[in-house]
Amino acid sequence: DAKTTQPPSMDCAEGRAANLPCNHSTISGNEYVYWYRQIHSQGPQYIIHGLKNNETNEMASLIITEDRKSSTLILPHATLRDTAVYYCIVRPPGSNYQLIWGAGTKLIIKP
Amino acid sequence: EADIYQTPRYLVIGTGKKITLECSQTMGHDKMYWYQQDPGMELHLIHYSYGVNSTEKGDLSSESTVSRIRTEHFPLTLESARPSHTSQYLCASSATGDKNIQYFGAGTRLSVL
């Protein structure tokens, strides 16, 4: 299983872009990068996923390096409600593969 | 917005009581999961199901049991609650072919006195 490394915590000013890094140097060719977040005391929420191309949806953008050994989740205009723990997970896409949750990055958005 | 519901949201109960945590989803997902999470800690998979009458234990050993009699319903039962069972329990579901995306309920925070 590919392991991920994320900083334990980050701060970002409200209204600025929040860039959350993730290292996954042992990622396999068929493994996707998934991002979830967990707002305090709630269940995790899916944000975005990608294989090798950059992806964007209504919540965030995902930038994956060409060698796929690292990625960055970008929240373009962070709000106070984006304060949460953000998890980067690498797994094959089939749902027979269980998600393995690390400690994530605690992102604090400051006014 | 995911349609997966957990009840109760909070439960305080005495040692030795039998409890059932409810989880239901209206998305028709075939796969369902139970995770346990202590405050500030990682999520650990304790049970999962790939469909009706299919249940498996997860990576974290748990004294709880689960059943899957209907697609939409995946209850978790503790026959005799103990203080060591105090934790948050999170239910999730996913659909085959949906790129391993799991949708979570709000969780049940259990306190055993």
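Derivation of every value follows stated rules applied to the coordinates shown; laboratory data play no part. Quick caveat, the model's predicted, so the values are computed rather than measured. Here the Cβ is made from the backbone with ideal geometry for all residues, glycine too, and neighbour counts use every protein chain on show.
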If you go through region B:20-40 one residue at a time, how many are acidic (Asp, Glu) and part of a strand (DSSP E or B)?
1
Under 8 Å between Cβ atoms, which residue pairs at least 6 apart in sequence (or on different chains) link something in region A:74-97 that is without any contact (Cβ under 8 Å) to a residue 24 or more places away in the chain with a partner that is surrounded by fewer than 21 Cβ atoms within 10 Å (Cβ to Cβ) and among the hydroxyl-bearing types (Ser, Thr, Tyr)?
A:SER95/B:THR96; A:ASN96/B:TYR50
Selection status of A:GLY43, within 24 Å of B:SER94 (Cα to Cα) and loosely packed, with under 15 Cβ neighbours inside 10 Å:
no
Tally the residues that are outside any loop (DSSP other than H, G, I, E, B) and either touching a Gly at 6+ places or on another chain (Cβ under 9 Å) or surrounded by fewer than 16 Cβ atoms within 10 Å (Cβ to Cβ) (or both), restricting the search to region B:9-19.
2
Taking strands (runs of 3 or more DSSP E) that fall entirely within region B:41-113, which contain at least 3 residues that are within 17 Å of B:TYR10 (Cβ to Cβ) and either in contact (Cβ under 8 Å) with a residue 40 or more places away in the chain or within 11 Å of another protein chain (Cβ to nearest Cβ) (or both)?
B:87-94, B:108-112
